[in-house]
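The structure under discussion appears below in the form of structure tokens.
The values are calculated or read from the model by the stated rules, or taken from the named source; none is laboratory data. For clarity, every value in this text was computed on a predicted model and none was experimentally measured. Positions of Cβ are generated from backbone atoms using ideal geometry, with glycine treated the same way; all protein chains shown enter the neighbour counts.
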Amino acid sequence: MLRLLYISIFLISLLTGRGALAADLLVPEAYKTIQGAIEAASPGDTVLVNEGVYTENLSIRKPIKLKSVKGPSLTVIKAAVKEEPSILVFGTDGAVVSGFTAKGSLSSGIALKNVSKSEVSGNNADENVYGIALYDSNENAITGNMADRNEYYGIYLEKSHHNTIERNNANRNDDKGLFISYSNSNVIRENTANLNTWNGLTLWSSNDNVIVDNTALRNMYSIVVSDSKDNEISGNTTLPNVFLILPVVLIYLGIVTYLIQKNALKLVYGVQ
Amino acid sequence: MQRILKMLGVFSTASIVLASFGLVLATSSFISGLQLVKSASMVERKIHRFNGFTALTLYVILAILAFWYEGFGFLRLLGWSSGLCVFLLKILIVRSKKRRAFKYLSWLGGTLILVWLYMVYIHIPV
């Protein structure tokens, strides 16, 4: 009976391609290039990338996990072909991209096209044209990423629905921090979009999204909603109290300083 | 108490500290300048000059820091130069000793307060 159970589990693992058979593929120890490891990986495998600067365009088209060992500051993917994304996830579900710096692309640092139920977390997508871009991608989790100093948008969603965009930074981009375009029913929560040249967060023809507890400071416009309906927008910070209280306190201190200086100088010079 | 500590946490960079001092001094200088219009008191003049020139020095230091950390750029250069022009124009009018031009000084002083308010605004760390 027990043997039958083991065989069943083994067969299920084989059929699904996951579970006990999942392997870790190491770069650069076992594979010289990350793309080589991705090609060799089976669904459910994890490609673990050690520190280094890799000049490649990665293309993930199966449900694998791509993770860095030492985090985004030490694991950099520079786009070899600048017109292509540094990391592209295409036509799959259940993929994971975690812990990389993706930079130098005239397209996107990290792009998801026709992807569902995947995770992009803890990456830096800086100095591209788009930081992280989702096209026709649904039910993905984009969490804890940095998408700063990109030429257009930090995080861009186009025709992508039911995604969770949480705890990301999209700062100092030359256009918009977060741009949600023709995308519905997404949850945009606890993100930071500061110091962008134009809008911090933009909803464009997008409905039924939840925009809560985000911070958008010192952009040209903080949160812009256009041609969109039924969005829940609450608890976002666009002008914290300190921006109002501090100047008032300082002017008050200025008046006090004047009075102190005046009386002190009167004492020193013996003026009445 | 936590809110006050959080508020004090704003002063985490040298730039915001300098900008805050600048606004305090500019306010004090502005009030003494208004008093000088009424009567040429020596005490008011000393306060006005000392605070004014210290504020100008802080402005120049902030400008240098901005160019050092953020690099040169046309808009950045234009912005800082415009602020500096307000300072210089004010000094120029005072030095010219033309009484007719003095009526514009309070406007320039007000503009400098606005400049410092903007300085504080842009330097609050986010």
Can you tell which of B:Val17, B:Val43, B:Val24, B:Val60 is more than 14 Å from every other protein chain (Cβ to nearest Cβ), part of a helix (DSSP H, G or I) and surrounded by 11 or more Cβ atoms within 10 Å (Cβ to Cβ)? B:Val60
The range A:88-117, residues that are touching a strand residue (DSSP E or B) at 6+ places or on another chain (Cβ under 6 Å) and in a loop (DSSP other than H, G, I, E, B): A:Ala95, A:Gly99, A:Phe100, A:Gly104, A:Val115, A:Lys117
Counting only residues that are of a type in the set (A, V, I, L, M, F, W, C) and either part of a loop (DSSP other than H, G, I, E, B) or not assigned by TED's automatic domain parsing to the domain that holds A:Val129 (or both), the range A:72-87 contains a total of 4
Pairs, please: C-beta under 8 Å, at least 6 apart or cross-chain, first residue in contact (Cβ under 8 Å) with a residue 60 or more places away in the chain and in the same structural domain as A:Lys117 (by TED's automatic domain parsing) and in the range A:20-48, second surrounded by 18 or more Cβ atoms within 10 Å (Cβ to Cβ) and acidic (Asp, Glu)? none
Give the range B:104-123 a look and list any residue that's among the hydroxyl-bearing types (Ser, Thr, Tyr) and within 12 Å of another protein chain (Cβ to nearest Cβ), or say none. B:Tyr118, B:Tyr121
Would a scan of the range A:58-71 turn up a residue that is modelled with pLDDT of 95 or more, closer than 15 Å to A:Asp24 by Cα, assigned by TED's automatic domain parsing to the domain that holds A:Ser118 and surrounded by fewer than 16 Cβ atoms within 10 Å (Cβ to Cβ)? yes
Of all residues in the range A:223-272, count the ones that are basic (Lys, Arg) and crowded, with 17+ Cβ neighbours inside 10 Å. 1
Yes or no: the range B:94-112 includes at least one residue that is more than 22 Å from B:Ser28 (Cα to Cα), touching a residue at least 60 places away in the same chain (Cβ under 8 Å) and of a type outside the set (Ser, Thr, Tyr). no
Which is out of contact with any Asp or Glu (no Cβ under 6 Å at 6 or more places or on another chain), assigned by TED's automatic domain parsing to the domain that holds A:Lys65 and closer than 23 Å to A:Ser222 by Cβ, of A:Ala95, A:Ala102, A:Ala111, A:Ala125? A:Ala125
